[in-house]
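Visitor: Before we start, here is the structure in question, set down as structure tokens.
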Amino acid sequence: MSAASGKAHDVIVLGAGIVGAATAYFLAKKGFRVLLVEGESPAWGASGRNPGFQWLHTRKAGIQMELGLAGRRLADQLRDELDDFEMRPSGGMIYFVDERQLPLFRAFVAERRAAGLPMELIDGKAAREHCPALSEKVLGASWNPLDAHQNTGKLVDALVTAARKHGAEMRSNCRIEKLAIEAGRCVGVVTAEGETIPAGKVVLAAGAWSPKLLEPLGMSLPISAMRLQVVETEFFGEFIHRTFECHQPNSLAGCAHRRRHRNIQRRETMSRQPIGSRIERAGLERGALVRLLTG
Ligand SMILES: Cc1cc2nc3c(=O)[nH]c(=O)nc-3n(C[C@H](O)[C@H](O)[C@H](O)COP(=O)(O)OP(=O)(O)OC[C@H]3O[C@@H](n4cnc5c(N)ncnc54)[C@H](O)[C@@H]3O)c2cc1C
């Protein structure tokens, strides 16, 4: 990829979520001429709607944990490079209220320590020191000081701003209808208005919508949509002191496959305070579920 290609852009990045914005930033920083195109506005998709957990607690040993730890290190680096994105490295815990869970938590903590996390098993008193809102019924918790959270929408905005400072071009409200293909190669994108924008390379970062753009090419991408709803409020004061998550079932199975859970997290001085969430396999269906916290 170089200016010698004769095209105005070395790379078109399609989709300005966290993946697209980060790709645009790092490519522009390396000197590539980047065009970032977004059908709506930056962070319109999943990246602008998540509660921003950097939740290493739930990463399994191996590639998941390696990626999680690398992402966590990168987040620390980005705090120095970008505008503030409200990252709070406040740690995280999963607590339990049933003594039958103790051996499970012991094994869980040992496994995560072996995978590289500085995780500890703490008693109820220590758990309440991290989070005074916890009830006396809480017997203990797994505690990971590396867990953090951020405002992902702000992170996307910060990445876009920094990419533009490095010369990237950003086009919002620019829906891409299809990828432009010539002789079996992707040579650009075609907008909903029918304009073809050429580029040396195209990075497809359209999240849950990526499979739709690949379908006409006979390519199937194993990305499917899940409905994950979050209830949040404006910050309402120093009430919750650490990120934590409560699992009602008498097992830790939910840590890896969290289908039904409640979580609460600290976001002091932050603009948003999530108070609960729920995951369902409802595809791209948009209807909201009102009984989010009680179900
Ligand atoms: C409610 C919720 C909670 C979550 N919680 C967490 C969490 O706590 N921690 C965590 O790590 N992850 C969490 N996730 C997952 C995380 O948000 C996603 O993995 C991540 O944001 C995906 O980023 P992305 O850039 O791939 O996709 P997206 O952020 O969805 O970005 C894709 C972009 O592409 C654009 N686009 C799509 N099609 C086109 C087109 N044809 N033309 C132009 N633009 C197009 C969209 O408008 C969108 O802006 C959560 C997700 C959700 C929905």
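Visitor: Let me spell it out: the conditions are (1) within 12 Å of the ligand (Cβ to nearest atom); (2) modelled with pLDDT of 90 or more, and PRO51 meets all of them except one. Which number is the exception?
Guide: So the condition that PRO51 fails would be (2).
Visitor: Out of the residues in the range 27-40 that are buried (at least 16 other Cβ atoms within 10 Å of the Cβ) and small (Gly, Ala, Ser), which is nearest to the ligand (Cβ to nearest atom)?
Guide: The selected residue is GLY39.
Visitor: Here's another thing I want to ask about it. Kindly evaluate LYS212 against the criterion of being near the ligand (Cβ under 9 Å from one of its atoms) and under 22 Å from the mean Cα position of the chain (by Cα).
Guide: The answer is yes for LYS212.
Visitor: Can you spot a residue in the range 101-119 that is surrounded by 13 or more Cβ atoms within 10 Å (Cβ to Cβ), touching a residue at least 40 places away in the same chain (Cβ under 8 Å), within 15 Å of the ligand (Cβ to nearest atom) and within 18 Å of HIS149 (Cβ to Cβ)?
Guide: No, the range 101-119 contains no residue that is surrounded by 13 or more Cβ atoms within 10 Å (Cβ to Cβ), touching a residue at least 40 places away in the same chain (Cβ under 8 Å), within 15 Å of the ligand (Cβ to nearest atom) and within 18 Å of HIS149 (Cβ to Cβ).
Visitor: Examine the range 144-157 for a residue that is within 19 Å of ALA22 (Cα to Cα), over 23 Å from the mean Cα position of the chain (by Cα) and not in a strand (DSSP E or B), and state whether such a residue exists.
Guide: No, the conditions are met nowhere in the range 144-157.
Visitor: Let me ask something else. With GLY184, GLY188, GLY194, GLY218 as the choices, which residue is touching a residue at least 60 places away in the same chain (Cβ under 8 Å) and either surrounded by 15 or more Cβ atoms within 10 Å (Cβ to Cβ) or more than 17 Å from THR23 (Cβ to Cβ) (or both)?
Guide: Values: GLY184 fails: touching a residue at least 60 places away in the same chain (Cβ under 8 Å); GLY194 fails: touching a residue at least 60 places away in the same chain (Cβ under 8 Å); GLY218 fails: touching a residue at least 60 places away in the same chain (Cβ under 8 Å).
None of the others qualify; the one that does is GLY188.
Visitor: Do we find a residue being away from the ligand (no atom under 16 Å from the Cβ), of a type in the set (Lys, Arg), modelled with pLDDT of 95 or more and not in a strand (DSSP E or B) anywhere in the range 163-182?
Guide: yes
Visitor: Run down ALA61, ALA46, ALA3 and say which single residue is under 20 Å from ARG164 (Cβ atoms), modelled with pLDDT under 95 and surrounded by fewer than 22 Cβ atoms within 10 Å (Cβ to Cβ). Write out each step before concluding.
Guide: Values: ALA61 fails: under 20 Å from ARG164 (Cβ atoms); ALA46 fails: under 20 Å from ARG164 (Cβ atoms).
Answer to the selection: ALA3.
Visitor: While we're here: Inside the range 118-169, can you point out the residues that are in contact with a helix residue (DSSP H, G or I) (Cβ under 6 Å, 6 or more places away or on another chain) and farther than 30 Å from LEU35 by Cβ?
Guide: MET119, LEU121, LEU134, VAL138, LEU139, GLY140, ALA141, SER142, ASN144, LEU146, ASP147
Visitor: Please enumerate the residues belonging to the range 145-174 that are surrounded by fewer than 22 Cβ atoms within 10 Å (Cβ to Cβ) and among the charged types (D, E, K, R).
Guide: LYS154, ASP157, ARG164, LYS165, GLU169, ARG171
Visitor: Now for a different question. Is there a residue in the range 64-85 that is away from the ligand (no atom under 11 Å from the Cβ), on the phi > 0 side of the Ramachandran plot and modelled with pLDDT of 90 or more?
Guide: No - not one qualifying residue is present in the range 64-85.
The values are calculated or read from the model by the stated rules, or taken from the named source; none is laboratory data. All values derive from a computational prediction rather than experimental measurement. FYI the Cβ positions are ideal-geometry reconstructions off the backbone, even for glycines, and counts take in every protein chain you see.
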